Structures are given as structure tokens and as C-alpha cells.
DNA sequence: TTGTAAGCGTTATCAC
DNA sequence: GTGATAACGCTTACAA
């Protein structure tokens with residue numbers, strides 16, 4: 001390995017000068033700088049970043065902790081984070097912890113030992129030990145930002161999709177098209193995202209003065225089959241002309257159920273989902289949905305992190321990302337369909 | 001930050017002893033060891049890994065370079081790599097380089113500067129500069145393994161799915177079910193994977209003495225629409241009773257085309273894809289396909305890397321991963337369907 | 001503008 | 001068994 005001492009010797013200067021040149025600190029005669037640069041290039045010099053880090057207490061590394069990179073929700077925000085990090089000449093260390101509190105804490109420990117300059121965490125649940133650990137990070141003033149649901153007791157920056165608003169938009173879209181009896185297929189009671197989305201749905205219905213009867217609310221577990229069953233139940237019980245599903249997969253299940261009942265989409269029942277998974281665009285009819293700007297979410301989280309790294313104090317604020325309505329075939333107005 | 005000096009002082013021993021204890025090197029009286037351990041725990045000591053790395057030349061970091069984490073092919077192998085790395089107390093730094101040679105080289109440089117103990121690369125194409133860079137890594141004897149298509153001129157370990165075999169299995173499956181006129185929708189000429197899969201198809205057809213007429217070969221670009229069009233062309237030109245598509249997405253397109261022609265799947269035309277994307281199981285009828293054990297691929301790559309890291313010389317061998325046939329509704333024999 | 005030297009927190013080589 | 005002490009490669013006062 002070639003060091004600044006090697007360069008220094010060959011360029012007939014001191015190691016300090018080499019360092020100054022390489023870090024463009026100025027205070028160096030242009031001539032000597034050129035000389036150093038030339039030798040460095042010739043010897044294919046590349047600084048030893050751990051030695052540098054040991055001195056400067058900066059590693060140009062950030063840590064990212066998520067439950068599982070295999071979960072299709074994550075690749076996009078991860079890429080967003082990578083892109084802003086790499087542009088700043090940072091690398092990102094990624095750990096999948098399966099939402100296991102023990103693993104999460106161990107990983108945080110390991111990452112701080114490595115000396116990452118900042119940390120982005122997707123907290124599964126705010127268990128007490130984990131919260132304590134994150135507090136510790138704040139105490140040693142390590143920049144941290146949370147990706148995903150907010151935990152108010154943690155005073156850290158947080159960026160998350162505005163689930164309520166997205167649900168509102170979806171429901172309102174249905175309502176504006178002239179559908180009145182909009183049913184909902186929601187997720188398990190405990191799930192935060194589902195709860196937020198249900199709230200948005202309710203608000204829209206209220207704002208448009210549409211009553212929600214009990215028969216219009218059905219619950220699934222985010223999986224295909226549960227959407228299918230929930231839709232069947234809905235169709236049985238009630239006259240309804242549209243369904244909002246809190247995720248696309250259940251919407252796809254519902255689509256199958258509706259078809260089986262001999263009903264047409266969107267003629268008899270309009271359908272809209274949430275997430276904009278790839279499949280939404282491939283199904284027939286293609287599924288209208290609410291898209292989360294997932295890449296953006298990661299990008300913003302990273303930008304917040306770098307603001308902290310660059311010295312700005314974190315405000316412990318909640319950054320809400322605006323979702324987008326994606327209109328496809330399952331919510332085309334019948335009239336519009338026949339005229340086109 | 002608490003250092004071994006702090007621990008040493010508080011435990012009334014020398015820093016050297018603390019280090020010995022913490023690294024379980026032995027040669028330390030049990031009593032003193034306990035004392036040190038207690039203080040370390042109490043002070044919540046965690047070693048500074050950059051300082052350690054500076055001495056030991058080991059970072060417990062490995063680098064991973066892929067084109068794009070957002071491409072659904074990658075999350076699974078990435079997770080495989082993470083799992084074996086984390087179990088060995090390693091972290092993995094992941095970069096998405098969009099298959100851009102310049103970025104790939106820069107990233108390799110950066111990662112070696114960081115001092116990763118090994119590197120896993122998914123080489124898009126073996127451009128000369130990149131090849132040169134990888135040779136350099138071998139020269140400084142940094143462990144490297146390639147994930148994906150092999151480049152024979154690079155003498156490094158490589159792990160990749162056996163595309164030819166997978167295609168053979170798919171085709172043979174169709175043939176064994178009694179289909180004879182098996183058409184293929186392949187990918188762009190330049191694509192290595194597609195070429196390998198085409199080879200497997202051809203071999204199976206030959207082995208079963210089925211002639212391949214020109215009208216049975218169609219080409220797409222891996223996207224949905226191209227599969228649709230390719231299938232239409234196929235149906236027009238020829239009597240065929242089955243189609244093998246070199247990827248699932250095109251198979252889904254083909255499915256739509258077949259349905260539009262008023263033909264039934266698998267009664268009139270059987271259909272099989274390659275990749276086993278999530279969608280394959282959700283479509284109706286569900287799509288038979290060839291699954292690549294993607295997680296396994298990453299796992300094996302990482303295991304090979306650690307073998308190198310732990311001192312075994314790399315053999316520059318090609319590790320071929322066996323694909324699995326996933327039989328679903330699009331290749332059910334009609335007879336079987338009616339009897340069940 | 002340049003050089004000397006101290007130190008970042010470890011580990012490893014010696015002595016004792 | 002244990003303790004000084006010298007690296008590891010770099011940055012940065014401080015001097016010159």
C-alpha cells in the first residue's frame with residue numbers, strides 16, 4: 001500500500017504538504033502541488049480512509065436499518081438514500097433486521113462502533129429498549145432520522161408517507177366520479193398505516209356527506225385471499241358501487257371476487273387500491289391506486305440526515321410525503337369509457 | 001468516547017491487558033479478566049473499529065456492487081449476502097451503479113480505499129477498463145466474487161443461475177405433458193441470459209426429436225407489451241400448442257394475447273415463463289415458471305467470498321445454481337384438470 | 001509556503 | 001501474566 005510518506009519522499013516534500021495538497025487546503029505553492037499530484041497519480045495513490053477517519057472522526061459512511069430488503073416496499077427508498085449519499089461521496093451500510101428488536105439494537109451498536117456519520121432507521125415498533133438505544137444515539141449526538149411511522153416520544157426527524165391524505169384522495173376520487181356507496185377493505189386493527197388510511201377514508205366520506213354503514217367496512221390482512229373474502233362479504237351484505245382497499249394486493253383479490261360475482265369493473269363496482277405495486281399496472285383491468293413516492297421518501301430522509309451531519313440541528317420534525325393518485329381502468333367513469 | 005485507556009485506568013491494569021481480555025487472547029489471569037470485563041460492561045465500552053482496522057488491516061466490511069437495488073432481481077440475493085455476512089459479524093456496503101462502467105470503477109476504488117475485506121460484484125458487461133480494475137484487485141489480493149454471468153477472462157469465483165438447464169426443464173416439462181409444438185419467446189439477441197435459455201430450449205426440443213420451425217421463434221424485449229405482440233405473431237403464423245417465454249413478464253403479455261384470440265390456457269395453448277416473479281402466482285390462471293433460487297445465489301456468493309477472506313485461495317470456478325420448476329395452472333394437463 | 005511532530009484508539013512485540 | 005512502547009496512515013497545530 002502506498003502512503004503519503006511514499007509520495008512525500010518521491011516528490012521531495014513533507015507528508016504534511018502531501019496531505020494539504022490532497023485535501024485542497026490551499027497554502028501550497030502551485031508548483032509543489034502539481035508535483036505532488038503528479039506523483040500521487042503515477043503511484044496510483046488512494047488515501048487510507050480508516051486512518052483518515054481515526055483522525056477526523058468522519059467515516060463517510062452512513063448506516064441504514066430496515067426490516068427486510070426483500071420486502072418490495074424498501075428497494076425504492078434504499079435507492080433514494082444511496083443516490084444522495086453517493087453523490088456526497090458517502091457509502092451506505094445496509095442491514096436487514098426483520099424488525100427484531102434485539103437485532104436492531106445490536107446493529108445500531110455495531111454501526112456506531114464502525115463510526116458511521118449518521119443512521120437512518122425504519123423502526124418496526126417503538127419497543128422500550130429500542131427507544132432507549134435511540135435516545136443514547138441522541139446523547140452522543142449521532143445524526144439519526146426515522147423512515148416510516150412516527151414515534152412521537154422519539155424526538156428525531158422522521159419522514160413518512162401521508163397515509164391519511166392518500167386515502168382521502170382515493171375516496172374523494174371515487175366520490176367525484178359519482179360513486180356514492182364507497183366501501184372499504186382495511187387492514188388489521190393494530191396496523192398504523194391501515195388505521196391512518198381508514199381515517200382518510202372516513203374523513204372524505206364525511207366531507208362529501210356520504211353515510212358509512214357498518215356493512216361497508218370489511219377487514220383483511222393485506223394478503224390476496226383476504227381481499228377476496230372481504231369483497232365477497234361486502235357484496236353480499238350491501239348495495240355498494242365502489243371499494244377502496246388499503247393496499248393493492250387485497251384490491252387484486254377483490255377484483256377476482258367481483259368478477260366471480262358476475263359484476264363488471266368499473267361499471268358495476270369501481271375499485272381503487274393503495275401502494276401502486278407493479279402488478280397494479282399489469283392486471284386487467286389495470287388497477288387505480290395511490291402511489292407512494294417511495295424513492296422520494298428515501299431521498300428526503302437522506303437529505304435530512306446530511307443536514308444534521310453538516311451541522312444543522314435536527315428539529316425532530318415529521319416530514320409528510322404527499323402521495324399521488326394513479327388513475328387506471330378500475331375507476332374510469334362508465335360514460336368516459338363509452339365515449340372514448 | 002470511552003477507550004481502553006479509560007477501562008485500563010479504572011481496572012488498574014494496562015491498556016495492553018484490556019486489549020488482551022477483550023480479544024480473548026488468553027495469557028491473562030482469570031481474575032483480572034473478570035475485573036476488566038466488569039468495568040468494560042459498566043462503562044458501556046465498545047471498541048473503535050477504525051482504530052482496530054488501522055492496526056489489523058481488517059474492517060469486517062464487505063462491498064457489494066449491483067446495477068440497481070430497485071430491480072426486483074436483486075433484493076433476494078442481497079438478503080442472502082447480508083445474512084451470511086451478518087452472521088460472521090460483517091456489515092455490507094451496497095452500491096447501485098446502474099451498470100455504468102465509470103461508476104463501477106469509481107465504486108471499486110472507493111470501496112478498496114474504505115478497506116473492505118472483500119467484494120461481490122455483479123458485472124454488467126466485461127468492459128476492458130473494468131476488467132483491468134478487477135485484475136488490479138486480484139493483484140492486491142483482495143477477495144472478489146462475481147454474481148451473475150461469467151466472464152471467462154476474469155479468473156475469479158463466480159456464481160450464477162444455470163439458465164440453460166432451467167430452460168431445458170421448462171421445455172421438457174411441456175414436452176412430457178404431451179405438448180409437441182413448443183414455441184419460444186426469447187429476449188434481445190445480445191442478452192446473455194436469454195441466449196443461454198434459448199440454448200436450453202433448443203436442446204430439449206432436439207432431445208425429444210421435436211423440430212423447431214422458424215415460425216416457432218419470436219423475440220421480445222423482456223417487457224409486457226413485447227410478450228403480447230410476440231405471442232400474437234406466433235399464433236398467427238403457426239399451429240402451436242405451447243409457449244416457453246424466457247421471462248415471466250413477457251409470459252404475462254402472452255397470456256393476454258392468447259386470451260384475446262379466444263384460446264384457452266392451458267387447454268389450447270400451455271404457457272410457461274422464467275424467473276418466478278411474484279406476479280406469476282397472482283395471475284389467473286397462475287403462471288408456471290422456472291424459479292431461480294435468488295436468495296441462495298447471494299448466499300453462496302457470500303460463502304465463497306468468506307472462504308477467500310479466511311485464507312483459502314479462490315479457484316476461479318464457476319458455480320452454477322440449479323433452478324426449480326414451479327408448476328401452476330398454465331401447464332396443467334387438460335386430462336388432469338378434468339379428473340381433479 | 002513548508003516541515004516537524006503529536007496524536008487518533010487499537011494491537012502486537014518486546015521485555016520483565 | 002503483565003506492562004511499556006512502537007507502529008498503523010493520516011491530519012493539524014505549531015514552528016520555521
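How far is helix B:163-176 tilted, in degrees, relative to the longest principal axis of the Cα atoms in chain B, given as a value from 0 to 90 rounded to the nearest 10? Roughly 40 degrees between the two axes.
Over the range A:1-146, Cα pairs under 8 Å with separation of 6+ residues give a relative contact order of 21 percent. Based on Cα atoms of the protein assembly as shown, Rg over Rh with Rh as the Kirkwood radius reads 1.03. Arranged from fewest to most other beta-carbon atoms within 10 Å of their beta carbon, B:91, A:19 become A:19, B:91. Taking one quarter of the surface of the convex hull spanned by the alpha-carbon atoms of the range B:4-47 gives a direction-averaged projected area of 2.5 nm². Cβ crowding within 10 Å, taken as a proxy for footprinting-reagent exposure, orders B:175, B:263, A:119 from fewest neighbours to most as B:263, B:175, A:119. Taking other Cβ atoms within 10 Å as a rough exposure proxy, A:127, B:158 sort from fewest to most as A:127, B:158. Position residue B:99: other-copy label points at 3.4 nm, ordered by increasing distance, label point 7 Å along Cα→C-beta.
Helix content alone sets the calculated 222 nm mean residue ellipticity of chain B: runs of n ≥ 4 DSSP H residues at -39500 (n - 2.57) each, divided across all residues, give -14500 deg cm²/dmol. The relative contact order of chain A comes to 17 percent, based on Cα pairs under 8 Å that sit 6 or more residues apart. Average 1/r across all pairs of distinct alpha carbons in chain B, invert it, and you get the Kirkwood radius: 23.0 Å.
Global size of the range B:44-163: 14.7, 51 Å for Rg and Dmax (C-alpha atoms, Rg to one decimal, Dmax whole). Distance from the alpha carbon centroid of the range B:221-270 to that of the range A:261-340 works out to 30 angstrom.
Rounded to the nearest 5, the antiparallel percentage of DSSP beta bridges internal to chain A is 10%. To the nearest ten degrees, helix A:30-42 and the longest principal axis of the Cα atoms of chain A are 70 degrees apart. The C-alpha atoms of chain B define a longest principal axis, and helix B:248-260 lies at about 20 degrees to it. Label-to-label distance, residue A:30 versus residue A:14, with points set 7 angstrom from Cα along the beta-carbon direction: 2.4 nm. Across the identical copies, the label point of residue A:30 (7 Å from Cα in the Cβ direction) is separated from its matches by 7.2 nm, in order from shortest.
For the range B:4-47, averaging the sequence separation of C-alpha pairs within contact (under 8 Å, six or more residues apart) and dividing by the residue count gives a relative contact order of 39 percent. For the pair the range A:95-173 / the range A:19-56, the C-alpha centres are spaced 38 Å from each other.
None of the figures in this text is laboratory data; all of them are computed from the coordinates on show. Keep in mind it's a predicted model, so treat the numbers as computed, not measured. Glycine gets a Cβ as well: all are built from the backbone with ideal geometry, and neighbour counts include every protein chain shown.
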